[in-house]
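Please treat every number below as a calculation from the coordinates, not as lab data. Keep in mind that this is a model prediction, so the values were computed, not measured. All Cβ positions, even for glycine, are placed from backbone atoms using ideal geometry, and neighbour counts span all protein chains on display.
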Amino acid sequence: MDIKKLNQIYEGKAKKVFATDNPEYYIVEYKDDATAFNGLKHGTITGKGIINNKMSNMMFTLLEKHGVRTHFVEQVSDRETIVRAVKIVPLEIIIRNVAAGSFSKRYGVEEGRELLCPTLEFSLKDDALNDPLINDSHIIALGVASEKELADIRTLAYKVNDVLKEFFCSVGVKLIDFKIEAGRLPDGTIILADEISPDTCRFWDAKTNEKLDKDRFRRDMGGVEEAYHEIFTRISNV
Ligand code: TMP
């Protein structure tokens, strides 16, 4: 696609977003910067931007094949991708298959316990408030999303889980949990946006339970770059 990158319109913790000469499209650029605990911890994961860009695009392509609409359009370089210009719904949409992280802490459940069914929860995307948990009625009452949008988001999230869980299982990886974001197209349609990467998912080796994701950075476990490479190698060899 012939498109010109224009001014930067947004910079997040892991990506920059640029306007283009076509208002229907943005270009996202993935950085190697890593943060945790709402930006309290900073670091660099060398090569992460390249892996997260390529991996997200592979996951979006897989999901599109299964009927999930995503913002992915075309990768233009190792770190840059053309995406549909959407307005992000300010929610972190989190699905869990196995207890870990904040869920384990909040409910006093050991990490690694299989949940009887996948769970869905939302956090309000607001750094100043530390992304607080938010429930459906609060989301609707505050106008963060409409009832119809919330229903679409729920369907989208569970579908993404079904597709990804099966895919990662086929490469010897357990999909513990993940966070996605949804965006609105100009006509109001909800589509999958943001990224799907070891920054935003928990991946455990199916045999050893070794962590192959950003928890290695969050928890100072070492072997961070190696984990990103390992997961990328596995999905690239399908
Ligand atoms: P949590 O257990 O810390 O709530 O994380 C749940 C999932 O969401 C996990 O796969 C990591 C991902 N996540 C993000 O992508 N961004 C965030 O800011 C946080 C806190 C978690």
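The set of residues from the stretch 101-113 being at negative phi and near the ligand (Cβ under 9 Å from one of its atoms) comprises Ser102, Phe103, Ser104, Lys105, Arg106.
Could you pull out every one of the helices (runs of 4 or more DSSP H) wholly within the stretch 118-236 that has 2 or more residues that are among the polar types (S, T, N, Q) and away from the ligand (no atom under 16 Å from the Cβ)?
147-170, 224-236
Of a type outside the set (S, T, N, Q) and surrounded by fewer than 20 Cβ atoms within 10 Å (Cβ to Cβ): does that describe Arg202? For Arg202, the condition - of a type outside the set (S, T, N, Q) and surrounded by fewer than 20 Cβ atoms within 10 Å (Cβ to Cβ) - is not met.
Criterion first (part of a helix (DSSP H, G or I) and of a type in the set (Asp, Glu)) does Glu64 satisfy it? Yes. Taking every residue in the stretch 209-237 that is of a type in the set (Ser, Thr, Tyr) and pairing it with any residue that is within 12 Å of the ligand (Cβ to nearest atom), at least 6 positions away or on another chain, the pairs with Cβ-Cβ distances below 6 Å are Tyr228/Pro198.
Scanning the stretch 31-50 for residues that are under 15 Å from the mean Cα position of the chain (by Cα) and within 14 Å of the ligand (Cβ to nearest atom), which turns out surrounded by the most Cβ atoms within 10 Å (Cβ to Cβ)? Among those that are under 15 Å from the mean Cα position of the chain (by Cα) and within 14 Å of the ligand (Cβ to nearest atom), it is Lys48. Taken together, Ser123, Ser146, Ser137, Ser170 contain a single residue that is surrounded by fewer than 19 Cβ atoms within 10 Å (Cβ to Cβ), hydroxyl-bearing (Ser, Thr, Tyr) and touching a Pro at 6+ places or on another chain (Cβ under 7 Å), which is Ser123.
Look at Ile196 and say whether it is of a type outside the set (Gly, Ala, Ser), within 21 Å of Glu64 (Cα to Cα) and surrounded by 23 or more Cβ atoms within 10 Å (Cβ to Cβ).
yes
Can you name the condition, by its number, that Asn53 falls short on among (1) more than 16 Å from the chain's Cα centre (by Cα); (2) closer than 13 Å to Val83 by Cα; (3) not small (Gly, Ala, Ser)? Tallying (1) more than 16 Å from the chain's Cα centre (by Cα); (2) closer than 13 Å to Val83 by Cα; (3) not small (Gly, Ala, Ser), Asn53 fails exactly one: (1). For the stretch 67-83, filtered to residues that are in a strand (DSSP E or B) and either within 16 Å of the ligand (Cβ to nearest atom) or over 16 Å from the mean Cα position of the chain (by Cα) (or both), the residue that is surrounded by the fewest Cβ atoms within 10 Å (Cβ to Cβ) is Glu74.
Residue count for the stretch 87-119, restricted to those that are among the aromatic types (Phe, Trp, Tyr) and either crowded, with 17+ Cβ neighbours inside 10 Å or within 29 Å of Arg184 (Cα to Cα) (or both): 1.
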